1. Being among the small types (G, A, S) and within 19 Å of Y134 (Cα to Cα) narrows it down to one of A85, A24, A41, so name that one.
2. Regarding G129, is this residue surrounded by fewer than 19 Cβ atoms within 10 Å (Cβ to Cβ) and either closer than 12 Å to A54 by Cβ or modelled with pLDDT under 95 (or both)?
3. What helices (runs of 4 or more DSSP H) lie completely within region 1-109 and have 2 or more residues being of a type in the set (F, W, Y) and under 30 Å from I181 (Cβ atoms)?
4. Quickly run through region 38-73 and pick out the residues that are buried (at least 22 other Cβ atoms within 10 Å of the Cβ), touching a Ser or Thr at 6+ places or on another chain (Cβ under 6 Å) and of a type in the set (G, A, S).
5. It is to be established whether one or more residues within region 66-77 are without any contact (Cβ under 8 Å) to a residue 40 or more places away in the chain and either in contact with a His (Cβ under 7 Å, 6 or more places away or on another chain) or basic (K, R) (or both).
6. How many residues does region 82-99 hold that are within 19 Å of L138 (Cβ to Cβ) and either charged (D, E, K, R) or touching a Phe, Trp or Tyr at 6+ places or on another chain (Cβ under 8 Å) (or both)?
Amino acid sequence: MKNTAFASANLTTRDLTKMAICVALLCVSAYISFPLPFTVAMITALTIVMNLAAFILTPKQTFTVLAVYIFLGAVGVPVFTGGAAGLGKLFGPTGGFLFAYLLAYPLVSVLKGGQNSFKRYVFVAVVIGMPITYIGGLLSMYLIMNVDIGSALVMAVFPFIPGDILKAVAAAFLGVKLNKIFQQRG
């Protein structure tokens, strides 16, 4: 007997496995983080995994993976950056990044196109994913920390640009390779 909730979404065991692995990778990648002395935001491996998820999953699957990740952290599982958890993290100075992920990476998944293209993946990650993510973080830091916009830019955007571009390139490379493998095993 088919589970109608999953049947209507046309999710296969392979899809569910990819999604579960992406959730697990998000949880682990949040622990790969480095503090900066001038901001509460950290450099993390999360963005490489979010981009990778967007490149190998459909937009709905990407949204679901990110929603599950955020839900886990919200209910107290220590999966946020540096092992943090709870609603305080969601509504704290860096919570805007978390909310922005729900918009940015499903949108990256939509705009990645139907072709397995390294250049397009990098372009979409850098031009769409990064700015939306930064806007979320910028807003939460600006509003919650009560700093001027220049200070918020220094804390939430500028130090992360070079690394996020490199992470977008790495995720695009891995995404292209994994999609080729998935297509071969179709």
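The values are calculated or read from the model by the stated rules, or taken from the named source; none is laboratory data. What you are looking at is a predicted structure, and each value in this text was computed from that prediction instead of being measured. When we count neighbours, we look across all protein chains shown, and the Cβ atoms used for this are built from the backbone with ideal geometry, even at glycine.
1. A41
2. Working: surrounded by fewer than 19 Cβ atoms within 10 Å (Cβ to Cβ): no; either closer than 12 Å to A54 by Cβ or modelled with pLDDT under 95 (or both): yes.
So G129 fails the test.
3. Result: 59-74.
4. Correct list: A41, A53, A54.
5. No: region 66-77 contains no residue that is without any contact (Cβ under 8 Å) to a residue 40 or more places away in the chain and either in contact with a His (Cβ under 7 Å, 6 or more places away or on another chain) or basic (K, R) (or both).
6. Of the residues in that region, 3 qualify.
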